[in-house]
Amino acid sequence: MELELHQLTLRYEHLRKRHPSQERALLASLAEIGQQLPIVVVRQEDQFVLIDGYKRVRALRRLARDTVRATLWEVEEIEALLLERGLRRGSEDALDQAWLLAELKQRFGWSVEELARRFEHSKSWVSGRLALLEALPAPIQQQVRVGALSAHAAMKYLVPLARMDGEAARQLAAALAPMKPTTREVGALYNGWRSGTQRTRELILQTPQIYLQAQAAQSAPPASATERFLQDLGALGGIARRVHRVLEAGLLQQLLQGERLEVNEAFARANAELQRLIHRFELESRPC
C-alpha cells in the first residue's frame, strides 16, 4: 500500500538508535534506486503507527518525498511491537531492550511479571534492564540514540560511573559528544577517573581528548637513538628559524643597553655550543 508521510505516527522513534553512516548510505541508495523495502505499520483510526522503517522515513523526508510504500500488519499495536522485536532479536543490545520494556510498562501498564513472561526471561532480567535506564541519565541516553555514543560504551562504563557520581557521568558524556569516541577510549577515561586524583578527574571531565593524548604518549614505545637525534635536530632547526624571525622583526634595535649585553652573551654561548656540535658532526662524518 502507498501512504502519505503525514499519515504516519512516529510513536516509537525514541526506541531506535541512529547510526549516521548507515543513514547516509540509505539516503544515497534511496536517491539512486528508490525504496526497495516497505515500512511496517498498524492502523489506528485514520492514522498509521510506524512499527519498522524509521530510517527509511527520515531519508525519504530528507529527499522531499511525500509518499512511502508500506505493509499493514493486521494485529494489535502491542503485538506488532513484540513481533518486530522478535524479528530483530540478535541485533539489539541491552539498552534497546530496556527502552522497549520501559515503553510497554509505562504505555500499556504491564507489570514486571507480565514483561518477564512475554519476553521469556526472569523477573530479575527485566528489572536489570529497567535499572539501566534508572542509572543512565536521560542526556546520555539521547547521545546513544543519535549515534554520538555507542550503547556498549554507555552500558559498560557510563552506567557504573553514573551510579558512583551521576554529575561526573553527565559531564563526561557532554565532553565526549563532539569526539565520537571508541569504547576503548571511553574505558580508558572511566578507569582514569576511578584511579585518578581530583586534578586528574577534573582534566578527564573537562578535556578528555588531552587526557587520552597524554596516555597515548606514555604508552608509546621509547624512541631509538636515531629517532631522538632526528627529533633533536628538528627542534634545533625550529628554534633557529624562530629566533631568525625575531631578529628580522628588529628586536635588537628595541633593546636597552643592559638587555643588549645580556642577549649578546647568550648568543655567544649558543654559538659556541653550535660550533662544537658542527665540529663534532664533521669529525664523526669523516670516513674511517
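The values are calculated or read from the model by the stated rules, or taken from the named source; none is laboratory data. Because the structure is predicted, anything quoted here is derived from the model rather than measured. Every residue, glycine among them, receives a Cβ derived from its backbone with ideal geometry; neighbour counts consider all protein chains shown. Remember, those area values only see protein heavy atoms, side chains included, never the ligands or the DNA or RNA. Shrake-Rupley method; radii C 1.70, N 1.55, O 1.52, S 1.80 Å.
For this structure, a couple of remarks:
- Sole exception among (1) aliphatic (A, V, I, L, M); (2) within 29 Å of Ser21 (Cα to Cα); (3) open to solvent by 60 Å² or more (accessible area, probe 1.4 Å) for Leu161, by number: (3)
- All positions within region 85-104 that are more than 24 Å from the chain's Cα centre (by Cα) and at pLDDT 90 or above: Leu101, Ala102, Glu103, Leu104
- A residue that is in contact with an Asp or Glu (Cβ under 7 Å, 6 or more places away or on another chain) and free of Cβ contacts under 8 Å to residues at least 24 places away in the same chain can be found somewhere in region 104-123.
- Flag for Leu230 being over 30 Å from Pro160 (Cβ atoms) and within 48 Å of the chain's Cα centre (by Cα): yes
- Selection count, region 32-57, where residues are out of contact with any Asp or Glu (no Cβ under 8 Å at 6 or more places or on another chain), farther than 10 Å from Leu8 by Cα, in contact (Cβ under 8 Å) with a residue 24 or more places away in the chain and part of a helix (DSSP H, G or I): 1
- Any helices (runs of 4 or more DSSP H) falling wholly within region 184-288 and containing at least 1 residues that are surrounded by 11 or more Cβ atoms within 10 Å (Cβ to Cβ) and touching a residue at least 24 places away in the same chain (Cβ under 8 Å): 198-206, 208-219
- With respect to the stated conditions, Lys156 is assigned to a helix (DSSP H, G or I), open to solvent by 40 Å² or more (accessible area, probe 1.4 Å) and closer than 24 Å to Arg18 by Cα.
- For region 105-120, a residue qualifies if it is closer than 16 Å to Leu133 by Cβ and either at pLDDT 95 or above or in contact with a Lys or Arg (Cβ under 8 Å, 6 or more places away or on another chain) (or both), and the qualifying residues are Trp110, Val112, Leu115.
- Close pairs from region 134-160: first at positive phi and touching a residue at least 24 places away in the same chain (Cβ under 8 Å), partner of a type outside the set (S, T, N, Q) and open to solvent by 20 Å² or more (accessible area, probe 1.4 Å), Cβ under 9 Å, at least 6 apart: Gly147/Lys17; Gly147/Arg18; Gly147/His19; Gly147/Pro20; Gly147/Glu23; Gly147/Lys180
- Among the residues of region 72-86, some residue qualifies, meaning at least one is of a type in the set (Gly, Ala, Ser) and part of a helix (DSSP H, G or I).
- Scoring Val68 on the criteria (1) part of a strand (DSSP E or B); (2) modelled with pLDDT under 95; (3) not small (Gly, Ala, Ser) leaves a single failure, condition (2).
- When residues of region 96-128 are limited to those that are polar (S, T, N, Q) and in a helix (DSSP H, G or I), the one most open to solvent (accessible area, probe 1.4 Å): Gln106
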